[in-house]
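Below: the structure, in structure tokens.
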Amino acid sequence: MIAIKTALIAWIALAPLGAQSLKLPASLDRLAAKASEVVDVTMDANLLQLAGRFLSDKDADDAKVKKLVDGLKGIYVRSFEFEKAGEYLDSDVEPIRAQLQAPAWSRIVGVRSVKSGENSEVYIKTENKKIGGLAILVTEPKQLTIVSIEGTIDPDQLSELGGHFGIPKVESDSQHKNSKGGKDE
Amino acid sequence: MKAALVVIASWMLACAVLEGAEREFDEIVRVVSNGFHTRPVHIPFFGLVNLATSVARPSGVKHVDLAVFENLDLGGHAAGDIAETIRSMDRGWLPFVRVHNHAETVLVYMTQERSDCKLLVVTIESGELTVVELKLNPEAMQGWLRDPDAAAVRSVSR
């Protein structure tokens, strides 16, 4: 009985975590002071609805994005650019990675380039067996980009969103391998 | 006679709508002026710009309002103060892009006015504050949506 009560309390305590969206830690504000450029794109549900009205139905790419945007609740992009490599540390990114943990989050793409030092990761958030959001983390020696997409989205459609709203283009593992002739870096 | 009355009524309505838009921008300028205890710089013949935009629509801009404030004593919290001022005006301006680098901070807000999209671009640099309100056609807006931060920086450099 005690075990059941404990499990119930733990479940109640942890349940909201699954529904939480990605929170940008305060340590990122300290990074902003060091960065040579900080870009913040905020598109909440109201702005996405407004933006959707201005995407063209005639342009194939825009039409796809317009359809996609209908299912979204928000897109948030934070990008930091630094003058020199090494101005941000892994520990600055750690609070973000700590949030992107199972069971709510799963990593679906991880592309690491030894040559450029770029590391792209894509995570999906599942709620009641449905995808409730996406997070993209792109770390480069002189740049850090964090993207949080809230709402229903198919990860395969992410490439269509890339290049819009300040979201970087992220290749899936298979696309990356194909573009490199089957060889990963 | 009836046709003439319809034309006059339409023209008066159009003027009233334009005046409403002007008043809204004037309100932004007044709030900023009061907040920073200053007045915008007079830009001679700026009215001609809108005469040109009504004909040529450069970069998809249908209407532009501009206010430049110079010689300001801007503290480190200027961007935050401006953001709070715009939010408190409650005119439906939605925060969209914020670009900050060593030289300047650019704040971009978006709202809709009938079938057009309006952007409010505020640039803060050392001692200078520029407020631009742009009414854009859908094609120009699509450019902003594709690459918002680059568009924000481009709009400032123009």
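The values are calculated or read from the model by the stated rules, or taken from the named source; none is laboratory data. Since the model is a prediction, treat every value here as computed from it, not as a measurement. Positions of Cβ are generated from backbone atoms using ideal geometry, with glycine treated the same way; all protein chains shown enter the neighbour counts. Just the protein is used for accessible areas: all its heavy atoms, side chains included, with ligands, DNA and RNA removed. Shrake-Rupley method; radii C 1.70, N 1.55, O 1.52, S 1.80 Å.
Of the residues making up region B:64-99, those that are open to solvent by 80 Å² or more (accessible area, probe 1.4 Å) and part of a strand (DSSP E or B) number 1. Here residue B:142 clears all of (1) within 11 Å of another protein chain (Cβ to nearest Cβ); (2) in a strand (DSSP E or B) except the condition numbered (2). Within the set A:87, A:83, A:118, the sole residue that is modelled with pLDDT of 90 or more, open to solvent by 60 Å² or more (accessible area, probe 1.4 Å) and not aliphatic (A, V, I, L, M) turns out to be A:83. Here region A:58-80 is the region considered, the condition is being free of Cβ contacts under 8 Å to residues at least 12 places away in the same chain and aliphatic (A, V, I, L, M), and the residue that is surrounded by the most Cβ atoms within 10 Å (Cβ to Cβ) is A:63.
Of (1) closer than 18 Å to residue B:65 by Cα; (2) at pLDDT 90 or above, residue B:97 satisfies all except one. Which? The one condition residue B:97 does not meet is (1).
Is region A:148-155 home to any residue that is within 14 Å of another protein chain (Cβ to nearest Cβ), within 22 Å of residue A:40 (Cα to Cα), under 17 Å from the mean Cα position of the chain (by Cα) and surrounded by 18 or more Cβ atoms within 10 Å (Cβ to Cβ)? No - not one qualifying residue is present in region A:148-155.
Per the conditions (1) in contact (Cβ under 8 Å) with a residue 24 or more places away in the chain; (2) over 20 Å from residue A:44 (Cα atoms); (3) not acidic (Asp, Glu), the sole criterion not satisfied by residue A:119 is (1).
Looking at A:73, A:129, just one residue is over 18 Å from residue B:96 (Cα atoms) and of a type in the set (D, E, K, R), and that residue is A:129. Failed condition for residue A:55, given (1) under 21 Å from the mean Cα position of the chain (by Cα); (2) facing chain B (nearest Cβ under 10 Å); (3) open to solvent by less than 20 Å² (accessible area, probe 1.4 Å), with all others met? In the conditions (1) under 21 Å from the mean Cα position of the chain (by Cα); (2) facing chain B (nearest Cβ under 10 Å); (3) open to solvent by less than 20 Å² (accessible area, probe 1.4 Å), residue A:55 misses (1) alone. Taking every residue in region A:23-43 that is within 11 Å of chain B (Cβ to nearest Cβ) and pairing it with any residue that is surrounded by fewer than 18 Cβ atoms within 10 Å (Cβ to Cβ) and assigned to a helix (DSSP H, G or I), at least 6 positions away or on another chain, the pairs with Cβ-Cβ distances below 7 Å are A:38/A:32.
For residue B:105, are the conditions met, namely being within 24 Å of residue A:75 (Cβ to Cβ) and assigned to a strand (DSSP E or B)? Yes, satisfied. Residue B:99 falls short on exactly one of the conditions (1) more than 10 Å from chain A (Cβ to nearest Cβ); (2) of a type in the set (Val, Ile, Thr); (3) closer than 24 Å to residue B:146 by Cβ, and that condition is (1). Kindly check whether there is at least one residue in region B:110-119 that is modelled with pLDDT of 85 or more, away from every other protein chain (no Cβ under 14 Å) and touching a Ser or Thr at 6+ places or on another chain (Cβ under 8 Å). Checked against the condition, which is being modelled with pLDDT of 85 or more, away from every other protein chain (no Cβ under 14 Å) and touching a Ser or Thr at 6+ places or on another chain (Cβ under 8 Å), region B:110-119 yields no hits at all. Candidates are the residues of region B:116-131 that are in contact (Cβ under 8 Å) with a residue 40 or more places away in the chain and buried (at least 20 other Cβ atoms within 10 Å of the Cβ); the one that is nearest to the chain's Cα centre (by Cα) is B:120. A single entry from A:112, A:97, A:107 fulfils the requirement of being more than 24 Å from residue A:46 (Cα to Cα), at pLDDT below 90, of a type in the set (Lys, Arg) and in contact with a strand residue (DSSP E or B) (Cβ under 9 Å, 6 or more places away or on another chain): A:112.
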